[in-house]
Amino acid sequence: MAHLRIHLTFPEDRVRDPIIYEISKNFQVVPNIRRADVSDKTGWMELELVGDLSEIELTIDWLRKKGVHVDPLEKSILEG
Amino acid sequence: MSNPSVPIQSDSAAHSGVKALKCRECGRRYELLAIHVCEFCFGPLEVEYDYDVIGRKISRQSIEAGPVSLWRYKDLLPVLGEPTAGLHAGMTPLVRAERLGKALGLKNLYVKNDTVNHPTLSFKDRVVAVATTRALELGFTTIACASTGNLANSVSAHAASCGMECFVFIPHDLEAGKVLGNLIYKPTVVSVKGTYDDVNRLCSEIGAEYPWAFVNINIRPYYAEGSKSLAFETAEQLGWRVPDQVVVPIASGSLLTKIWKGFHEFTRLGLVDENPLLKVNGAQASGCSPVYQAYVSGKNHIVPVRPNTIAKSLAIGNPADGFYALDVVGKSGGQVEQATDPEIIDGMKLLAETEGIFAETAGGVTVACLKKLAQKGSIRPDELTVAYITGNGLKTMEALAGSLSQPVSIDPNLSSFRQIVNPKS
Ligand SMILES: Cc1ncc(COP(=O)(O)O)c(C=O)c1O
Ligand SMILES: [Zn+2]
């Protein structure tokens, strides 16, 4: 079992999508939300995905294709 | 290696004012280990101090009697024993910038000159001095970071000076000159194929997997505290005073929040009088300004951006402390400004021509934003103002290509000199 902690940022046209429901429906991963702040224009969410690494990676690819910005929980790690 | 999850208790630990790690969001407390995230809410952890204990130990006199480095403020830094790395970091000049001030219409301007920090010529030597000392206390023998520039230089140099193993992660398309600035110290430089997003994700996973001190991941709560020393030095060098306005470059936003914290700690401990006027202003490059965008939109949501600016040291698309930096700017009554690439170059040139300080692009951002704040009247002429110049121009010379005048070329004789140069006196 792999655990991956991520920070999601939603663009305006994705804020109302039932993303978590869709993750559970389409992938063998368990999403566990810890913090979120979603308004009608933008939003972010911090969660842990638990499952096989390959399923987690498929989930992340799917999120990116939907236009959701996926970062590690630490956000930008690469510094100047 | 020894077990990094067991902090070493030195004699002084019992009397230390360093209390715990504390979640910035839910307030839960954790032991002083190599951890950075609250297990409960995923909020970032920050070092908590016991200011009563510190207040009994620290005074202007005790600080003045300390070493000529940031370690004179050791009581307010998150280490338990004596410093073991970066012993010469900090205590950089605070320059009374009369000529730059004149150009900008400011009568009371100072420049904090971290272009001459030791050993690698940027403010990162402060945070890395603290991170390395703490990493050694925690028993780590390997130190790591992910960086395109200043941070990697500093981590590589500190690791070399302490005999630690060192891993530096860089994107595969980094300029040769920047890579060389790390290689000379002989760390393992890992060039990662892929986008910046890929590098970030890989490093997060490596940080969770390997028993290393990853300075800006699991050591980040300690690392970040090193930036407070910029505020401490400023206050001391101003004759134990807090300025009215400061201008601070923003990448992750950590530096800005810690400068604010530093002034507050000094005030709380009675080392300086409170200055309720203090405004903290942020400076970003237009080509990467997520904090500026959030500031002008009036929302506290940071929307990640894809960086495209010559100010590469500030090119952080999704800043970890962006939200907290916005909060500090807001509650202090400061502002966030942004500067375009040509404005950044002009800022670098202006600083060099007026004060003789050759700053990197981040310094150009700070000067350009300072200029805008002065022109708008947001900084008034008589306000005591400090601009933080955080990195050295010798590191970003490529940014100046084509923007400086050429040397005057003459034949090797006096008449050619008289004819072509013809100086007035
Ligand atoms: C020269 C310079 N100035 C300022 C910063 C900004 O620091 P922070 O990430 O804490 O906002 C950096 C970060 O890399 C830097 O290299
Ligand atoms: Zn928490």
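What follows is calculated from the coordinates using simple rules that are stated; it is not laboratory data. In this text the structure is predicted, and so the values were computed from the model without any measurement. When we count neighbours, we look across all protein chains shown, and the Cβ atoms used for this are built from the backbone with ideal geometry, even at glycine.
When each of B:VAL116, B:VAL272, B:VAL336 is scored by the number of other beta-carbon atoms lying within 10 Å, the sequence from fewest to most is B:VAL116, B:VAL272, B:VAL336.
The ranking of B:PHE40, A:PHE27, B:PHE214 by Cβ neighbour count inside 10 Å, starting from the fewest, reads B:PHE40, A:PHE27, B:PHE214. Put a plus charge on the Cβ of each Lys and Arg, a minus charge on the Cβ of each Asp and Glu, and nothing anywhere else: the dipole of the protein assembly as shown about its Cα centre is then about 1060 debye. Think of chain B as having a plus end and a minus end, set by charges on the Cβ of Lys, Arg, Asp and Glu; of B:TYR49, B:VAL272, B:THR133, B:VAL272 sits farthest toward the positive end of this dipole. Here, P(r) means the percent of Cα pairs in each 20 Å bin from 0 to the largest distance; for chain B it is 26, 58, 14, 2. Note that the protein assembly as shown shows a convex hull volume over its alpha carbon atoms of 166 Å³ per residue.
Under the simplified labelling scheme, the B:ALA176-B:GLU82 pair shows an inter-label distance of 4.5 nm, with each label point 7 Å from Cα along Cα→Cβ. By the Cα gyration tensor, segment B:74-185 has an equivalent ellipsoid whose semi-axes, rounded to whole angstrom, run 30, 20, 10 from largest to smallest.
Placing R0 at 60 angstrom, the Cβ-Cβ distance between A:VAL30 and B:ARG268 gives a FRET efficiency of 0.85 after rounding to 0.05.
What the Cα convex hull of segment B:178-271 gives, in volume per residue, is 150 Å³. In this structure, the pairs whose alpha-carbon distance is over 25 Å, taken from B:LYS299/B:LYS372; B:LYS107/B:LYS299; B:LYS186/B:LYS261; B:LYS312/B:LYS376; A:LYS41/A:LYS75, are B:LYS107/B:LYS299; B:LYS186/B:LYS261; B:LYS312/B:LYS376.
Counting helices only, and only those DSSP H runs with n ≥ 4, report the 222 nm mean residue ellipticity of the protein assembly as shown as the sum of -39,500 (n - 2.57) divided by its residues, in deg cm²/dmol to the nearest 500. Rounded to the nearest 500, it is -10500 deg cm²/dmol. Pairs of Cα atoms in chain A fall into 5 Å distance bins, from 0 up to the last occupied one, in shares of 3, 16, 27, 28, 17, 7, 2, 0 percent. Projecting the Cα atoms of A:PHE27, A:THR42, A:GLY67 onto the charge dipole of segment A:2-72, computed from C-beta unit charges around the Cα centre, puts A:THR42 farthest toward the positive end.
Comparing B:TRP260, B:TRP71, B:TRP240 in a Gaussian network model of chain B, where Cα atoms under 10 Å apart are tied by springs, the biggest mean-square fluctuation is seen for B:TRP240.
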